[in-house]
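Written below as structure tokens is the structure these notes are about.
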Protein chains: 2
Amino acid sequence: MEDRKGQIIQVATDFIKKYGYDSFSYKDLSEAVGITKATLHHHFAKKEDLGIAVLQVIQGQLEYLKEKTFEIEDSKERLTFMFECMKGTVQEKDICPISSMQAEFNVIPDSLRGKISEISTFEVDLLTQILEVGKKDGSFHFEGDAKNTALIMMTSYKGAIMYSRSVESTILDTVLEGIITSVVK
Amino acid sequence: MEDRKGQIIQVATDFIKKYGYDSFSYKDLSEAVGITKATLHHHFAKKEDLGIAVLQVIQGQLEYLKEKTFEIEDSKERLTFMFECMKGTVQEKDICPISSMQAEFNVIPDSLRGKISEISTFEVDLLTQILEVGKKDGSFHFEGDAKNTALIMMTSYKGAIMYSRSVESTILDTVLEGIITSVVK
DNA sequence: GTCTATACAAAGATAGAC
DNA sequence: GTCTATCTTTGTATAGAC
């Protein structure tokens with residue numbers, strides 16, 4: 001089964017969303033996958049290697065999301081689609097793996113920090129572009145430049161996922177609706 | 001020196017903001033404070049006890065902030081004051097200790113989770129009240145209820161601190177200005 | 001209140017057999 | 001590709017002396 005690697009990455013991603021990169025162990029992971037720690041090390045010699053692999057997959061998914069997003073003609077639909085897709089990747093009480101590793105920024109390996117920065121920027125840029133296009137075609141209304149608005153929307157979305165953990169989990173939908181209508185209406 | 005306890009709490013809080021609760025050790029802390037691990041255990045038998053102490057101090061500071069905040073007459077000034085105070089407690093490249101522990105929610109002791117939930121709720125409630133008063137006296141303009149707006153503002157603020165870590169750190173000020181003017185103008 | 005010394009468990013990682 | 005066994009380091013925590 002060559003897809004062992006893929007399976008490991010999948011479970012590791014779930015763990016990062018649940019516990020964080022630093023707080024899941026090769027022992028946890030090996031048990032969840034059903035192999036030994038040694039086998040895990042065979043596939044990903046160091047935990048750092050696994051971390052990089054996880055981030056590469058996420059990066060690929062985001063690039064794919066960008067493609068799919070711009071296949072949609074209508075700006076409002078496009079915006080909703082993007083957030084719905086993002087929301088779909090995190091289960092209840094999980095957090096965004098990027099947020100998780102932003103929180104751990106000072107304790108993760110340097111190579112991971114670089115990738116996290118890239119991905120963080122990519123996300124905001126994607127939203128910025130969606131907003132710019134939507135403003136031009138008259139779908140969205142906001143003051144200031146698109147990047148600032150994108151920043152507020154993205155940080156609010158990420159922050160809301162985080163907050164859902166410790167308060168009522170309905171707040172994510174509330175916030176999501178709020179930030180979308182703030183530019184659409 | 002009875003204030004050893006206070007000193008330990010102070011340094012522990014800094015560590016949580018920099019590395020997270022799970023990722024700083026009694027060894028790190030003992031070296032930073034200048035005492036041995038054993039002495040640390042004398043003051044706070046378990047790491048969990050220290051965690052609770054840290055959160056109690058934060059809770060107290062927030063209650064004090066609420067008092068001070070409502071001593072200010074003008075709604076706009078009050079809102080700015082609150083965010084400036086909050087911002088003042090986190091150094092560049094640190095994150096809010098509450099965000100930090102929200103990210104670690106599934107790996108911290110139960111007693112800490114409870115406190116985190118309380119504090120998270122308190123913060124949003126404080127902002128909600130500021131917004132409600134300001135809407136009534138005509139200082140603020142926003143649609144929907146104050147709680148939703150407070151949620152968006154608070155999650156955006158917290159998310160921005162987080163994002164500053166991995167992208168340009170100027171985004172915090174950008175976002176802060178954005179969310180304040182969104183209700184003030 | 002602080003120390004040295006130590007116990008104990010968990011973590012990341014490697015060696016070598018099958 | 002997977003295993004058992006083992007190493008090394010680090011983390012939390014305790015015992016007992018000063």
### Query
Does B:ALA38 fit the bill of being in contact (Cβ under 8 Å) with a residue 12 or more places away in the chain, out of contact with any Ser or Thr (no Cβ under 7 Å at 6 or more places or on another chain) and either more than 21 Å from B:MET101 (Cβ to Cβ) or more than 7 Å from DNA strand D (Cβ to nearest atom) (or both)?
no
### Query
Tell me, which residue of the stretch B:12-35 that is in contact (Cβ under 8 Å) with a residue 60 or more places away in the chain and within 23 Å of B:GLU118 (Cβ to Cβ) is farthest from DNA strand C (Cβ to nearest atom)?
B:LYS17
### Hits in the stretch B:4-35 - residues which are away from DNA strand D (no atom under 13 Å from the Cβ) and charged (D, E, K, R)
B:ARG4, B:LYS5, B:ASP14, B:LYS17, B:LYS18
### Task
Kindly provide the set of residues from the stretch B:11-46 that are assigned to a helix (DSSP H, G or I), away from every other protein chain (no Cβ under 14 Å) and surrounded by 15 or more Cβ atoms within 10 Å (Cβ to Cβ), ordered by number.
B:VAL11, B:ALA12, B:THR13, B:TYR26, B:LEU29, B:SER30, B:ALA32, B:VAL33, B:LEU40, B:HIS41, B:HIS43
### Task
Answer yes if at least one residue in the stretch B:141-148 is more than 7 Å from chain A (Cβ to nearest Cβ), part of a helix (DSSP H, G or I), in contact (Cβ under 8 Å) with a residue 24 or more places away in the chain and not basic (Lys, Arg), and no otherwise.
no
### Task
Identify, by number, the condition in (1) away from DNA strand D (no atom under 12 Å from the Cβ); (2) more than 14 Å from chain A (Cβ to nearest Cβ); (3) over 25 Å from B:VAL133 (Cα atoms); (4) not in a helix (DSSP H, G or I) that B:GLU73 doesn't meet.
(3)
### Query
In the stretch B:97-113, how many are buried (at least 16 other Cβ atoms within 10 Å of the Cβ) and more than 10 Å from chain A (Cβ to nearest Cβ)?
2
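Filter the stretch A:135-171 for residues that are among the small types (Gly, Ala, Ser) and closer than 20 Å to B:THR174 by Cβ and give the result. Don't jump to the end; show me each part of the working.
Pass one, the stretch A:135-171, residues among the small types (Gly, Ala, Ser): A:138-139, A:144, A:146, A:150, A:156, A:159-160, A:164, A:166, A:169.
Across the stretch A:135-171, the qualifying residues are A:GLY144, A:ALA146, A:ALA150, A:SER156, A:GLY159, A:ALA160.
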### Of all residues making up the stretch B:41-65, the number that are of a type in the set (Gly, Ala, Ser) and touching a residue at least 24 places away in the same chain (Cβ under 8 Å)
2
### Task
Identify all residues within the stretch B:85-105 that are within 12 Å of the chain's Cα centre (by Cα) and in a helix (DSSP H, G or I); write none if there are none.
B:CYS85, B:MET86, B:LYS87, B:GLY88, B:PRO97, B:ILE98, B:SER99, B:SER100, B:MET101, B:GLN102
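Is it the case that the stretch B:79-86 has a residue that's touching a residue at least 60 places away in the same chain (Cβ under 8 Å) and either within 9 Å of chain A (Cβ to nearest Cβ) or not aliphatic (A, V, I, L, M) (or both)? Walk me through how you get there before you give the answer.
Residues of the stretch B:79-86 that are touching a residue at least 60 places away in the same chain (Cβ under 8 Å), as a first pass: B:79-80, B:83, B:86.
Still in the running and either within 9 Å of chain A (Cβ to nearest Cβ) or not aliphatic (A, V, I, L, M) (or both): B:80, B:83.
Yes, the stretch B:79-86 contains a residue that is touching a residue at least 60 places away in the same chain (Cβ under 8 Å) and either within 9 Å of chain A (Cβ to nearest Cβ) or not aliphatic (A, V, I, L, M) (or both).
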### Message
Going residue by residue through the stretch A:58-68, is there one that turns out to be in contact with a Phe, Trp or Tyr (Cβ under 8 Å, 6 or more places away or on another chain), within 12 Å of DNA strand D (Cβ to nearest atom) and in a helix (DSSP H, G or I)?
### Response
no
### Any hit, the stretch A:114-123, residues being β-branched (Val, Ile, Thr), surrounded by fewer than 21 Cβ atoms within 10 Å (Cβ to Cβ) and more than 10 Å from chain B (Cβ to nearest Cβ)
no
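Where a number appears in this text, it was derived from the coordinates with a stated rule and is not lab data. Computed from a prediction, not measured in an experiment: that's the story for all the values here. In this analysis, Cβ positions are derived from the backbone assuming ideal geometry, glycine residues included, and neighbour counts consider all displayed protein chains.
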